[in-house]
């Protein structure tokens with residue numbers, strides 16, 4: 001089990017770090033697009049679409065990595081005031097009853113959408129746009145699968161007592177927000 005968990009986490013770490021580079025690429029594409037448009041009065045739809053692709057990939061591929069690092073958004077009404085076992089129970093319930101099923105539904109619903117895009121190798125509807133909409137749509141399935149696998153891996157760590165520095169909370173409840 002430990003090897004499977006570590007494999008899932010390695011893949012999600014690679015996806016997350018790759019997604020982080022999309023932030024830089026997005027900025028560079030946007031700067032180039034603005035310069036070309038306002039300095040040379042020439043618009044390039046390719047770079048405008050590249051910004052959209054990078055933005056989507058940044059969030060879709062980065063989601064599982066953020067979950068792995070325990071940096072996701074959490075409504076901390078009771079969580080910070082609970083002990084270690086209470087926080088672990090909340091994490092397990094959230095992962096297994098909410099994250100995994102929602103990721104499964106997203107994958108199930110998006111799969112026909114992605115298959116149709118691949119069947120026609122769907123490209124941009126804009127003249128001069130990127131010819132890879134089918135790849136962008138595939139990122140939805142990658143997102144759902146990676147998020148579900150990461151949630152399952154994290155739950156396995158919590159249930160199996162495997163060490164994880166990102167998910168190890170102290171025994172003492174805190175009154176303030178987590179840092």
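The values are calculated or read from the model by the stated rules, or taken from the named source; none is laboratory data. Quick caveat, the model's predicted, so the values are computed rather than measured. All Cβ positions, glycine included, derive from the backbone under ideal geometry; neighbour counts span all protein chains shown.
Name every residue in region 7-48 that is in contact (Cβ under 8 Å) with a residue 60 or more places away in the chain and more than 17 Å from the chain's Cα centre (by Cα), in order of residue number. Residues satisfying the conditions are 44, 45, 46. Against the criterion of being surrounded by 13 or more Cβ atoms within 10 Å (Cβ to Cβ) and within 19 Å of residue 149 (Cα to Cα), residue 59 qualifies.
For the criterion of being modelled with pLDDT of 90 or more and either within 18 Å of residue 128 (Cβ to Cβ) or part of a loop (DSSP other than H, G, I, E, B) (or both), residue 32 passes. Per this entry, residue 164 is not counted among residues that are modelled with pLDDT of 85 or more, surrounded by 12 or more Cβ atoms within 10 Å (Cβ to Cβ) and either under 21 Å from the mean Cα position of the chain (by Cα) or closer than 19 Å to residue 12 by Cβ (or both). Would you confirm, using the coordinates I've provided, whether residue 111 is outside any helix (DSSP H, G or I), at pLDDT 90 or above, surrounded by fewer than 16 Cβ atoms within 10 Å (Cβ to Cβ) and touching a helix residue (DSSP H, G or I) at 6+ places or on another chain (Cβ under 8 Å)? Answer is no for this residue.
Inclusion of residue 158 among residues that are part of a loop (DSSP other than H, G, I, E, B) and in contact (Cβ under 8 Å) with a residue 12 or more places away in the chain is not warranted. Applying the criterion of being within 17 Å of the chain's Cα centre (by Cα) and at pLDDT below 90 to the residues of region 59-102, the residue that is farthest from residue 16 (Cα to Cα) is 94.
The residue that is farthest from residue 50 (Cα to Cα), among those in region 118-133 that are part of a helix (DSSP H, G or I) and over 21 Å from the mean Cα position of the chain (by Cα), is 119.
When 4, 89, 64 are screened for being assigned to a helix (DSSP H, G or I), in contact (Cβ under 8 Å) with a residue 12 or more places away in the chain, out of contact with any strand residue (DSSP E or B) (no Cβ under 9 Å at 6 or more places or on another chain) and loosely packed, with under 14 Cβ neighbours inside 10 Å, only 4 passes. Contact map, region 125-150: residues that are surrounded by fewer than 17 Cβ atoms within 10 Å (Cβ to Cβ) paired with residues that are in a loop (DSSP other than H, G, I, E, B) and at pLDDT below 95, Cβ distance under 6 Å, separation 6+ or inter-chain. Pairs shown: 131/123. Residues that are surrounded by fewer than 19 Cβ atoms within 10 Å (Cβ to Cβ) and assigned to a helix (DSSP H, G or I) within region 67-86 comprise 79, 80, 81, 84, 85, 86, listed in sequence order.
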